[in-house]
Amino acid sequence: MSFKFTLVLLALAVVAIAGFGLAQRQSPPPSGGPEATPTAVLLNFPVSSLTSLDLKAGDRDTNLVKDGANWKLVKPSEDPNVDQAKVNSLLGQMTYLASTRLVAKPGEDIGPYGLRNPQLTVTLSGGGQTQTLLVGDKNVNGNQYYAMRQEGSDVGLIPSSLVTALMDLANNPATLRPSQTSAAPSA
């Protein structure tokens with residue numbers, strides 16, 4: 001290699017290193033980890049105050065009320081034999097529900113998310129307060145649903161597994177079916 005060619009390569013290397021150093025100085029300092037995805041609190045209901053759960057999915061209306069320490073089905077038909085574990089598990093997920101990701105702020109158009117005519121409405125009541133969650137369309141990936149509080153909260157994404165469980169409860173209320181035991185013939 002010639003001396004001129006080596007000198008040109010050295011000059012280019014110095015310029016590249018200087019440019020890299022300048023770019024590093026102008027970039028913001030690291031925050032100690034990846035940037036957090038903004039989320040929204042969609043429901044925040046004190047579990048001890050909860051006395052009623054109302055689910056509306058299409059033309060189905062399912063209502064459960066707390067009777068003492070247990071839940072009983074009021075709509076579509078009255079039935080005290082409710083699967084308490086199933087209802088309590090679902091309510092445990094609902095009383096404090098934060099979205100996995102924020103997609104729209106209050107006042108923004110909710111039409112693209114299917115929230116003008118929600119496919120599922122979940123109302124928690126008790127202790128003098130009521131909070132209603134509206135569930136719209138699935139996201140593009142199909143693994144989450146758009147949701148917001150009826151009172152005009154942020155629009156966020158919630159897991160489809162939760163929506164599936166709520167739809168199942170709305171369409172097939174969590175009543176216990178008595179186990180059929182047949183008496184063995186005595187010899």
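General observations
- In segment 108-123, of all residues being under 18 Å from Gly58 (Cα atoms) and among the aliphatic types (A, V, I, L, M), the one that is modelled with the lowest pLDDT corresponds to Leu115.
- Pairs, first without any contact (Cβ under 8 Å) to a residue 24 or more places away in the chain in segment 92-117, second hydrophobic (A, V, I, L, M, F, W, C), C-beta under 8 Å, six or more apart: Arg116/Ile110
- Some residue of segment 37-45 being at pLDDT below 75 and either touching a strand residue (DSSP E or B) at 6+ places or on another chain (Cβ under 9 Å) or within 25 Å of Pro159 (Cα to Cα) (or both): yes
- You will find that of Gly92, Gly127, the residue that is surrounded by 10 or more Cβ atoms within 10 Å (Cβ to Cβ), farther than 18 Å from Asn172 by Cβ, touching a Pro at 6+ places or on another chain (Cβ under 9 Å) and at pLDDT 85 or above is Gly127 and no other.
- Considered as a group, the residues in segment 138-155 that are touching a Phe, Trp or Tyr at 6+ places or on another chain (Cβ under 6 Å) and over 24 Å from Asn88 (Cα atoms) include one that is surrounded by the fewest Cβ atoms within 10 Å (Cβ to Cβ), and that residue is Lys138.
- Segment 58-129 holds strands (runs of 3 or more DSSP E) entirely within its bounds, and those carrying 3 or more residues that are among the charged types (D, E, K, R) map to 60-67.
The values are calculated or read from the model by the stated rules, or taken from the named source; none is laboratory data. Note that the structure is predicted; figures quoted are calculated from it, not measured. Quick reminder, even Gly has a Cβ in these numbers, built from the backbone with ideal geometry, and neighbours come from all protein chains shown.
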